[in-house]
Ligand code: PMP
């Protein structure tokens, strides 16, 4: 990733990709207290547009607030920075990664007084769980690792260190031949994937875990909105793993994963064992929105 052409926005300036470096004693590198976003831009009939940029930028600032990290840039500056990075790298569609991290002035748990640095990078990134996964669905395994507890970490924040838990879960699932892991909360209820929220469909209704232990996903919110528009009832509640086994359909949502059907959980086919009809409908609605083909939701798009 470090050796390529392009420009990265780094503390207010566009710097060549290869020069966007930091010191080895960067606080965040040692302790994981950084906050970040995953954002996507798509080609639309009116030009390249970033999807729900306002919401992603707002979540980044909220994550920083939770960790008492004072981002030394305004909302508008980071909003514009993300547009600039897509434009200056001449990317028609891409993934964006804004990250705020604690600098290297002092090492030790107390980070007070250290600089808060901000970068925004962008690069082309295809289907996170594979193009075939989007169509046929993926195989998922319940993880032996538990998702965060609200009093261990604060899950309204999207924080770098939290992803050790995601990586452990994903590595375990991948080593056993599955595409992705599904994590349970500390009480054993379904929480989310390693980097995705989860939905199930049962008798025409859509269910998703409440956001007590999972990230309050922006794609999750998008899908809930679209489902309601489709006349589908949406219920946020505790879900057990056997409710997923016996669901008619299941899918993951995320900026990277988009809307990815789950065809199997713990070696049990879900429903027809491939993408179900409601998943397909919502997936189509989602892609229409991000690609600027849904006049109802143009307000979710920011042209660069
Ligand atoms: N849960 C986790 C743990 C994630 O990393 C992500 C990706 N950001 C999501 C859910 C989905 O969130 P969003 O739809 O906002 O990308």
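The values are calculated or read from the model by the stated rules, or taken from the named source; none is laboratory data. Keep in mind the model is a prediction, meaning the values are calculated, not measured. Virtual Cβ from ideal backbone geometry, glycine too; neighbours counted across all protein chains shown.
Some values worked out for this structure:
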read-out	value
Members of region 266-293 that are farther than 26 Å from residue 173 by Cβ, part of a loop (DSSP other than H, G, I, E, B) and in contact with a strand residue (DSSP E or B) (Cβ under 7 Å, 6 or more places away or on another chain)	291, 292
Test: residue in region 19-29 that is within 16 Å of the ligand (Cβ to nearest atom) and surrounded by 20 or more Cβ atoms within 10 Å (Cβ to Cβ)	no
Boolean, residue 15 is assigned by TED's automatic domain parsing to the domain that holds residue 82 and under 29 Å from residue 153 (Cα atoms)	no
Within region 18-63, considering residues that are under 13 Å from residue 101 (Cβ atoms) and assigned to a helix (DSSP H, G or I), the one nearest to the chain's Cα centre (by Cα)	60
Selection status of residue 96, in a strand (DSSP E or B) and either on the phi < 0 side of the Ramachandran plot or in the same structural domain as residue 251 (by TED's automatic domain parsing) (or both)	yes
Selection from region 199-222 of residues that are within 9 Å of the ligand (Cβ to nearest atom), closer than 22 Å to residue 130 by Cα and not in a loop (DSSP other than H, G, I, E, B)	218, 219, 220, 222
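A quick yes/no check of all residues on (1) within 16 Å of the chain's Cα centre (by Cα); (2) closer than 23 Å to residue 59 by Cβ:
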site	(1), (2)
196	yes, yes
201	no, no
204	no, no
213	yes, yes
218	yes, yes
222	yes, yes
234	no, yes
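Yes/no per residue for (1) more than 14 Å from the ligand (Cβ to nearest atom); (2) free of Cβ contacts under 8 Å to residues at least 12 places away in the same chain; (3) assigned to a helix (DSSP H, G or I):
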| site | (1), (2), (3) |
| --- | --- |
| 157 | no, no, no |
| 164 | no, no, yes |
| 178 | yes, no, no |
| 183 | no, no, no |
| 192 | no, no, no |
